[in-house]
Amino acid sequence: MESIDEKGLKAKLREAVKAEGGPQKWADKAGVSIQYVSDVLHGRRAPGQGIYTALGYEKQVRYVGPKVTAG
């Protein structure tokens, strides 16, 4: 399973939109609004479940503790 961050997911969205022939066609196929796709592509909203599911991803949250250094 490929792991990507939000920046990578936006890049995948841009690729998918281009391959589909534009944001309206991709939004229609994905079942999300064109405004939502536009907002994500322009950084006004974070991608949510509708987008990452349509791209074949799932969101997983990971917490990383403070780095411990030898003293």
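A few points about this structure:
- Any hit, the range 59-66, residues being at pLDDT below 95, of a type outside the set (Val, Ile, Thr) and not in a loop (DSSP other than H, G, I, E, B): no
- The range 5-45, subset in contact (Cβ under 8 Å) with a residue 12 or more places away in the chain, of a type outside the set (Lys, Arg) and open to solvent by 60 Å² or more (accessible area, probe 1.4 Å), residue nearest to TYR63 (Cα to Cα): GLU6
- Look at the range 50-61: where a residue is surrounded by 10 or more Cβ atoms within 10 Å (Cβ to Cβ) and a partner is part of a loop (DSSP other than H, G, I, E, B) and at pLDDT 95 or above, sitting 6+ places away or on another chain with Cβ atoms under 8 Å, you get GLY50/GLY31; GLY50/VAL32; ILE51/VAL32; ALA54/GLY31; ALA54/VAL32.
The values are calculated or read from the model by the stated rules, or taken from the named source; none is laboratory data. Just so it is clear, the structure is predicted and the values come from calculations on it, not from any experiment. In this analysis, Cβ positions are derived from the backbone assuming ideal geometry, glycine residues included, and neighbour counts consider all displayed protein chains. Protein only, heavy atoms only, side chains kept; ligands, DNA and RNA dropped before computing areas. Shrake-Rupley method; radii C 1.70, N 1.55, O 1.52, S 1.80 Å.
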